[in-house]
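First the structure, in the form of structure tokens, and then the observations on it.
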Amino acid sequence: MKFIPKLSAALLVAMMASNANAQKLKLTEGDLSALKGQTELNSEFTYDGLRVGKFDKEDDYIHKKTEEYNGKEAGRGDTWAKAWKDDREARYEPKFSELFNEYAGLKMNHNKSAKYTLIFKTSFIEPGYNVGVWRKNASMDGEVWIVETANPSKPVAKISVEKAQGRVFGGFDFDTGVRIAEAYADAGKALGKFVKGKID
């Protein structure tokens with residue numbers, strides 16, 4: 001029975017590590033009272049000044065990965081670079097919106113007639129990796145601005161999003177886009193719950 005304390009300690013360490021990596025949302029400016037009674041939000045996504053992994057500039061990351069993949073197979077890097085950008089509209093943004101809509105109690109889509117717009121500004125992406133026995137979750141940081149659609153330069157609220165986690169049950173996330181899309185899903189779900197809790 002001597003193994004029980006060791007096992008408990010190992011579980012405690014694992015739980016602490018999990019909590020340390022948990023997503024964090026914080027209202028940093030204004031409040032969400034303006035959203036009370038609203039049923040729909042316009043949505044926008046920006047990636048200005050995006051940092052990726054250890055790269056301060058996204059372009060440097062894209063250049064490095066493109067060269068690496070092209071070195072292994074002609075044209076593979078160019079295909080990857082296109083997919084890297086295309087995944088934003090094809091995967092990340094729909095995942096975020098889907099989960100936000102499920103949990104927020106109001107709908108977010110591209111609708112300029114909505115009184116308010118939710119702008120999600122991605123500032124950092126950790127692509128992670130999965131090479132079988134070794135893996136690292138994707139993660140993402142950003143900032144949410146809630147603005148009047150007619151006056152987007154003056155936010156009525158700002159919310160920071162830190163360490164949204166991208167992971168797939170079973171570990172079948174060998175594709176970078178799949179991992180990152182799950183980070184956006186994680187952020188959308190958490191933000192939906194956060195908004196609903198503030199306006200209910």
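The values are calculated or read from the model by the stated rules, or taken from the named source; none is laboratory data. Here the structure is a predicted model, which is why all the values come from computation and not from measurement. Cβ placement follows ideal geometry from the backbone for every residue including glycine, while neighbour counts extend to all protein chains displayed. These area figures cover heavy atoms from the full protein model, side chains too; ligands, DNA and RNA do not enter into them. Shrake-Rupley method; radii C 1.70, N 1.55, O 1.52, S 1.80 Å.
Hey, could you check the stretch 136-177 for residues that are touching a helix residue (DSSP H, G or I) at 6+ places or on another chain (Cβ under 9 Å) and among the hydroxyl-bearing types (Ser, Thr, Tyr) and say which is modelled with the highest pLDDT? The extreme case among them is 139. Just one of the listed residues (106, 99) is modelled with pLDDT of 95 or more and either within 17 Å of residue 34 (Cβ to Cβ) or not basic (Lys, Arg) (or both), and it is 99.
The residues of the stretch 72-89 that are farther than 21 Å from residue 123 by Cβ, assigned to a helix (DSSP H, G or I) and either open to solvent by 70 Å² or more (accessible area, probe 1.4 Å) or touching a residue at least 60 places away in the same chain (Cβ under 8 Å) (or both), listed by number, are 72, 76, 78, 79, 82, 83. When the strands (runs of 3 or more DSSP E) confined to the stretch 90-200 are screened for residues that are open to solvent by 10 Å² or more (accessible area, probe 1.4 Å) and over 23 Å from residue 49 (Cα atoms), those reaching at least 2 such residues are found at 107-109.
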